[in-house]
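Notes follow once the structure below has been shown.
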Amino acid sequence: MLLVLGGGIAAYKCLELVRRLKEHGIAVRCVPTAAAEKLVSPLALAAVSGEKVYDSLFSLTDEAEMGHIRLSREADLVVVAPATADLLAKMANGLADDLASTLLLATDKPVLAAPAMNPRMWAHPATRRNLERLAADGIAILGPAVGDTACGEVGAGRMVEPAELLAAILARLEPACRPLEGVRALVTSGPTHEPIDPVRFVANRSSGRQGHAIAEALARAGASVTLVSGPVAIPDPPGVRTVRVETAREMAAACEAALPVEVAVCAAAVADWRPAEVEATKIKKEAGAAPPLLQLVENPDILAGLARHPTHRPRLVVGFAAETGALEAEARTKRAKKGCDWILANDVSRGAVFGADRNRILFLSGDGPAEPWPELSKEEVAARLVERIAAALGRRPA
Ligand SMILES: Cc1cc2nc3c(=O)[nH]c(=O)nc-3n(C[C@H](O)[C@H](O)[C@H](O)COP(=O)(O)O)c2cc1C
């Protein structure tokens with residue numbers, strides 16, 4: 001979303017608005033006018049949005065990085081808040097003499113304006129004329145509210161409160177942001193711990209970060225998500241039903257209980273084997289005795305179990321392959337063996353995947369050529385996968 005801030009005292013309320021939008025997973029780029037920057041600092045806007053603030057039409061670096069036309073087109077919605085009398089006049093008359101007004105003239109996206117001004121400015125025939133023009137141009141106007149204004153006069157002119165603006169923005173953005181509304185999804189994440197005795201277990205290096213990021217991204221896209229997680233040291237993702245398990249058998253049972261789902265993403269590093277016997281008491285180290293021999297037995301194959309489920313096979317079953325050998329060949333073999341639809345393969349031979357921030361994926365969706373993804377953060381991998389899932393389910397153009 002693009003937020004154009006005008007030079008009204010209500011600009012400070014937009015810090016709260018940006019914070020709330022971020023909580024809803026909406027990325028916000030702020031474009032304050034020169035007057036707005038006198039009332040709210042660009043640094044504060046950058047800090048709450050977590051994004052660069054754009055404020056100059058003639059910045060060589062900004063224009064090279066992100067031209068003003070692209071800035072106005074990349075957002076799904078442009079919000080003007082506070083919309084000053086001056087900004088409304090510029091918009092109504094097609095003026096473009098700074099970055100904010102130029103973006104507003106160049107955009108092809110819906111525009112929502114929340115006016116804020118002195119009640120006499122609001123009532124002035126010039127403002128009335130401008131509002132008529134803006135309505136005819138398809139600009140949505142929210143407010144202003146009636147009450148005390150910052151200048152001490154009472155009447156129509158207060159900007160609507162951030163909560164009301166947030167609700168109006170969400171109502172406009174959600175259909176675009178939530179392509180998976182109503183879709184049920186299952187994600188597995190983390191390692192499994194296979195006990196040897198009450199204090200020891202067999203495990204692997206999975207941190208759960210990739211699986212958790214996928215569960216969170218699916219939930220943000222509107223899916224109703226069950227995350228079945230092995231033991232991890234990271235928090236449960238927001239908006240997701242998390243079921244914590246220890247062993248592969250517990251994970252398999254929790255997955256079965258979560259069915260039916262339309263999408264299953266198996267990102268957990270499930271232990272292939274578990275100790276055949278679990279000792280009821282701690283195995284003691286006896287002086288001079290030989291170390292105990294661990295006999296392993298195979299664990300249930302959760303990915304194959306879902307992909308070949310006799311009654312509730314999800315429409316889309318996605319697996320991960322952490323490989324140390326020939327990545328593409330291994331991924332192709334795994335896809336065929338498990339019967340899943342897609343494999344996201346990563347090379348873990350250099351030890352740079354488990355617990356790391358970034359991931360390099362080879363995406364395999366069929367018999368055609370594998371698609372190498374660039375090195376991305378685990379959140380970016382999750383977002384890209386969710387886009388593909390939405391397209392595969394016919395929720396978004398491929
Ligand atoms: C403290 C202060 C508060 C202001 N509040 C408003 C306001 O709420 N609404 C408005 O239309 N103008 C307000 N103004 C006047 C605008 O800042 C001025 O018209 C400016 O040129 C608007 O520029 P902009 O539309 O590019 O942001 C205020 C000015 C000051 C000094």
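The values are calculated or read from the model by the stated rules, or taken from the named source; none is laboratory data. All values reported here derive from a predicted model rather than from experimental measurement. Virtual Cβ from ideal backbone geometry, glycine too; neighbours counted across all protein chains shown.
A few remarks follow.
- The set of residues in the stretch 226-251 that are among the β-branched types (Val, Ile, Thr) and within 26 Å of Asp272 (Cβ to Cβ) comprises Thr226, Val228, Val232, Ile234, Thr242, Val243, Val245, Thr247.
- Residue match in the stretch 192-204 (condition: within 30 Å of Ala123 (Cβ to Cβ) and surrounded by 15 or more Cβ atoms within 10 Å (Cβ to Cβ)): no
- Qualifying helices (runs of 4 or more DSSP H) (wholly inside the stretch 121-226; at least 2 residues being farther than 22 Å from Asn359 by Cβ and in the same structural domain as Leu88 (by TED's automatic domain parsing)): 125-136, 162-177
- Filter result for Glu37 (within 16 Å of the ligand (Cβ to nearest atom), under 27 Å from Leu131 (Cβ atoms) and charged (D, E, K, R)): yes
- Residues satisfying the stated conditions in the stretch 110-121, i.e. over 17 Å from Ala135 (Cβ atoms), without any contact (Cβ under 8 Å) to a residue 60 or more places away in the chain and surrounded by 15 or more Cβ atoms within 10 Å (Cβ to Cβ): Asn118, Pro119, Met121
- Boolean, Glu23 is touching a residue at least 40 places away in the same chain (Cβ under 8 Å) and surrounded by fewer than 16 Cβ atoms within 10 Å (Cβ to Cβ): no
- Leading residue by the ranking (farthest from the ligand (Cβ to nearest atom)) among those in the stretch 83-98 that are aliphatic (A, V, I, L, M) and either in a loop (DSSP other than H, G, I, E, B) or modelled with pLDDT under 95 (or both): Ala96
- Pair list, Cβ < 8 Å and 6+ apart or interchain, from the stretch 70-91 residues that are without any contact (Cβ under 8 Å) to a residue 24 or more places away in the chain to residues that are in a helix (DSSP H, G or I): Lys90/Ser101; Lys90/Leu104
- Those strands (runs of 3 or more DSSP E) lying entirely in the stretch 266-380 with at least 1 residues crowded, with 18+ Cβ neighbours inside 10 Å: 273-275, 316-323, 342-347, 362-364
- Hits in the stretch 199-227 - residues which are of a type in the set (Val, Ile, Thr), out of contact with any Gly (no Cβ under 8 Å at 6 or more places or on another chain) and over 22 Å from Ile361 (Cα atoms): Val199, Val202, Thr226
- Applying the condition of being under 16 Å from the mean Cα position of the chain (by Cα) and of a type in the set (Val, Ile, Thr) to the stretch 212-238 and asking which residue is surrounded by the most Cβ atoms within 10 Å (Cβ to Cβ) yields Ile214.
- Single residue of the stretch 239-262 satisfying the filter (basic (Lys, Arg) and not in a helix (DSSP H, G or I)) that is farthest from the chain's Cα centre (by Cα): Arg244
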